[in-house]
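One structure below.
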Amino acid sequence: DRHREQVIQQLSTWIADLREGKVSLP
Amino acid sequence: GHRTNYILIENKEHDIYYAHWDANIIGRKLFYGPDSLVQYIRPLSVSEKLLDTVWGEGAALVDMDQQKLLFWGDEFLWHTPALVTCFVQMLRETTWKGWQVEWASEGQVTIAKYLGVDTQTVLNTEEEEDDDEGEEVEAKEATTYTVAELANLLDQMLQNHLQNLDYDPTATIRSFIKDHHKKG
């Protein structure tokens with residue numbers, strides 16, 4: 001459903017940002 | 001089974017719920033944020049007390065008053081502290097924005113402490129030590145991961161969830177029981 005797609009997209013984007021070094025981990 | 005407790009706190013009162021299969025996938029149950037999780041929890045069976053440290057394999061406590069999520073479990077997270085840190089940050093910055101998200105580092109004991117329940121009621125002294133498994137777990141916990149490896153693990157979690165959307169015994173049983181009641 002639409003909510004699922006939005007959530008998966010949101011999480012995928014965050015993981016991609018992590019991979020590209022855009023996320024500061026503690 | 002993978003015995004699990006969910007706990008909802010509202011207006012300073014808590015209810016404990018039980019699910020038989022969720023502990024190994026509990027991280028993935030959190031993907032969709034607070035509203036979806038609460039909607040999922042409410043129809044579950046209510047329990048009088050928390051599972052103990054032997055039987056309980058995971059828990060998620062949702063404190064609606066404090067907007068706090070406290071959890072532990074999931075086969076991807078159990079013995080990988082570096083991934084836990086990363087996973088918690090992912091939730092905080094995506095679907096759980098505005099919430100305090102924390103890993104219950106001592107499992108059921110942490111949950112009991114948060115609820116103000118005597119920790120003796122969740123401690124099970126009959127726990128058996130498996131030396132071989134213990135060494136394996138220690139080795140895994142000591143492993144250091146690169147950012148790329150952590151991203152790969154989170155991707156695997158996400159893909160695993162997507163490939164198993166139909167695998168949800170708790171929800172399946174719930175609809176079965178509902179039908180059964182209708183049929184008398």
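Could you check which residue among B:11, B:24, B:160 shows the biggest mean-square fluctuation in a GNM of chain B with a 10 Å Cα cutoff?
Between B:11, B:24, B:160, it is B:11 that shows the largest mean-square fluctuation.
For a footprinting-style exposure proxy, rank B:64, B:157, B:90 by other Cβ within 10 Å, fewest first.
In order of increasing Cβ crowding within 10 Å: B:64, B:157, B:90.
Taking the number of other C-beta atoms within 10 Å as the exposure measure, put B:29, B:140, B:12 in order starting with the fewest.
B:12, B:140, B:29
If you average the sequence gap of Cα pairs under 8 Å that are 6 or more apart and divide by the length of the stretch B:12-128, what percent do you get for the contact order?
The value is 30 percent.
Using every pair of alpha-carbon atoms in the stretch B:43-110, split the distances into 10 Å bins beginning at 0 and state the percent of pairs per bin, rounded to integers.
In whole percents, the pair-distance histogram is 19, 49, 29, 3.
Would you grab the residues whose amide H sits under 5 Å from the one on residue B:54? Only those 5+ places off in sequence or on another chain, please, with H modelled 1.01 Å from N.
B:124
Which whole number gives the average, over all residues in B:81-94, of C-beta atoms from other chains lying within 10 Å of the residue C-beta?
Per-residue shielding by partner chains comes out at 3.
What are the ³J(HN,Hα) couplings of the stretch B:93-99, residue after residue, when phi is run through the Karplus curve with 6.51, -1.76, 1.60 and θ = phi - 60°? Round to Hz, x for glycine and proline.
9, 10, 7, 10, 4, x, 9
Could you give me the ³J(HN,Hα) list for the stretch B:31-38, computed from phi with Karplus coefficients 6.51, -1.76, 1.60 and θ = phi - 60°, whole Hz, x at Gly and Pro?
Result, rounded to whole Hz: 3, 8, x, x, 4, 5, 5, 4.
Calculated FRET efficiency, residue A:3 and residue B:166, Cβ-Cβ r, R0 22 Å, to nearest 0.05?
0.80
Could you state the number of Å between the C-alpha centres of the stretch B:93-112 and the stretch B:1-28?
The distance from the Cα centre of the stretch B:1-28 to that of the stretch B:93-112 comes to 13 Å.
How far apart, in nm, are two points set 7 Å out from the Cα along the Cα-to-Cβ line at residue B:126 and at residue B:49?
If labels sit at residue B:126 and residue B:49, their model points lie 1.3 nm apart.
Quick check: convex hull over the Cα atoms of chain B, volume per residue in Å³, rounded to an integer?
135 Å³
I want to check the label-to-label distance for residue B:85 and residue B:155. Put each point 7 Å from Cα in the C-beta direction and report it in nm to one decimal.
2.2 nm
Once phi is turned into ³J(HN,Hα) by the Karplus curve 6.51 cos²θ - 1.76 cosθ + 1.60 with θ = phi - 60°, what whole-Hz value does each residue of the stretch B:102-115 show in order, with x for glycine and proline?
For the stretch B:102-115, the Karplus curve yields 9, 7, 7, 5, 10, x, 4, 5, 4, 4, 4, 4, 4, 7 Hz.
Assuming 0.36 nm per residue, please report the length gained on full extension of the stretch residue B:66 to residue B:136 beyond their Cα-Cα distance.
21.5 nm
Compute the relative contact order of the stretch B:70-166 as a whole-number percentage, counting only Cα pairs closer than 8 Å that sit 6 or more residues apart in sequence.
Relative contact order here is 34 percent.
Which value in nm describes the separation of the simple spin-label points at residue B:143 and residue A:20, placed 7 Å from the Cα toward the beta carbon?
Label-label distance for residue B:143 and residue A:20, simple model: 2.8 nm.
Sort B:31, B:71 by Cβ crowding within 10 Å, fewest neighbours at the top.
Sorted ascending by nearby Cβ count, the order is B:31, B:71.
Values in this text are rule-based calculations from the coordinates and carry no lab data. Worth saying up front: this structure is predicted, and the values here are computed from it rather than measured. Here Cβ is always computed from backbone atoms with ideal geometry, including for glycine, and neighbour counts include all displayed protein chains.
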